[in-house]
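As structure tokens, the structure follows; a few thoughts come after it.
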Ligand SMILES: [Fe+2]
């Protein structure tokens, strides 16, 4: 683990934001410039972790304050690697650090508690995001997306979520059937890279 001053400042800044705002969209708007700043750092992720895993995208916890009120995560996407359609159930921002990814966004349309299926998942947009671009997620309406790296080059994205997303119970959605399954996506490292 490394000491990293910028993350201590980030903790101060995000704690202030969270102390004064509850609305997810407002929190996202205030956190965005801090993520933009983070994306300009050349020393976010050790070189050995910038190499993709062979079988799936890699998920590394960079920083998490003791309160776990937010967490900063790096995802490393090898060529062709994909995250299935999923939700987060918390606010989050996604910034592209290296390369490009394609994000497909979905809207959940509820049909009522007793309907079968109870809801359908409809694709609303597809965006190619490149270095420096930032998008966001938050429930209930902007929370479902799928991310992929269909390009030849490795992509790295940096995410800030309003909780430790590596412990967050959430869902993977089957767009075709409308079924969802429970999932917790654990980090590929045990302790945070920065403390
Ligand atoms: Fe996501």
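Here is how the numbers come out for the structure above:
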{"quantity": "Residue among 68, 11, 48, 16 that alone is surrounded by fewer than 20 Cβ atoms within 10 Å (Cβ to Cβ), closer than 26 Å to residue 182 by Cβ and over 13 Å from the mean Cα position of the chain (by Cα)", "calculated": "68"}
{"quantity": "Extreme residue, nearest to the chain's Cα centre (by Cα), among residues of segment 164-173 that are away from the ligand (no atom under 13 Å from the Cβ) and part of a loop (DSSP other than H, G, I, E, B)", "calculated": "164"}
{"quantity": "Looking only at segment 19-34, and only at residues there that are surrounded by 15 or more Cβ atoms within 10 Å (Cβ to Cβ) and without any contact (Cβ under 8 Å) to a residue 40 or more places away in the chain, the one that is nearest to the chain's Cα centre (by Cα)", "calculated": "30"}
{"quantity": "Answer residue from segment 97-114, given it is surrounded by 14 or more Cβ atoms within 10 Å (Cβ to Cβ) and away from the ligand (no atom under 12 Å from the Cβ) and is modelled with the lowest pLDDT among those", "calculated": "108"}
{"quantity": "Test set (1) within 16 Å of the ligand (Cβ to nearest atom); (2) over 17 Å from residue 155 (Cβ atoms); (3) touching a residue at least 40 places away in the same chain (Cβ under 8 Å) - residue 117 fails condition number", "calculated": "(1)"}
{"quantity": "Among (1) over 19 Å from residue 70 (Cβ atoms); (2) in contact with a helix residue (DSSP H, G or I) (Cβ under 9 Å, 6 or more places away or on another chain) - the single one residue 126 does not satisfy", "calculated": "(2)"}
{"quantity": "Residue in segment 121-137 that is under 16 Å from residue 173 (Cβ atoms), more than 11 Å from the ligand (Cβ to nearest atom) and crowded, with 16+ Cβ neighbours inside 10 Å present", "calculated": "yes"}
{"quantity": "Pair list, Cβ under 7 Å, 6 or more apart: segment 85-96 residue under 13 Å from residue 148 (Cα atoms), other residue in a loop (DSSP other than H, G, I, E, B) and more than 8 Å from the ligand (Cβ to nearest atom)", "calculated": "85/175; 96/131; 96/132; 96/133"}
{"quantity": "Of the criteria (1) more than 21 Å from residue 88 (Cα to Cα); (2) at pLDDT 95 or above, which one residue 125 fails", "calculated": "(1)"}
{"quantity": "Residues located in segment 71-96, provided they are more than 15 Å from the ligand (Cβ to nearest atom) and surrounded by 17 or more Cβ atoms within 10 Å (Cβ to Cβ)", "calculated": "78"}
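Residue-by-condition table, conditions (1) in a strand (DSSP E or B); (2) within 18 Å of the chain's Cα centre (by Cα):
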| site | (1), (2) |
| --- | --- |
| 114 | no, no |
| 117 | no, no |
| 123 | yes, no |
| 126 | yes, yes |
| 132 | no, yes |
| 135 | yes, yes |
| 146 | yes, yes |
| 153 | no, no |
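The values are calculated or read from the model by the stated rules, or taken from the named source; none is laboratory data. All of these numbers come straight from a predicted model, not from anything done at the bench. Note that each Cβ is placed from the backbone with ideal geometry, even for glycine, and that neighbours are counted across all protein chains shown.
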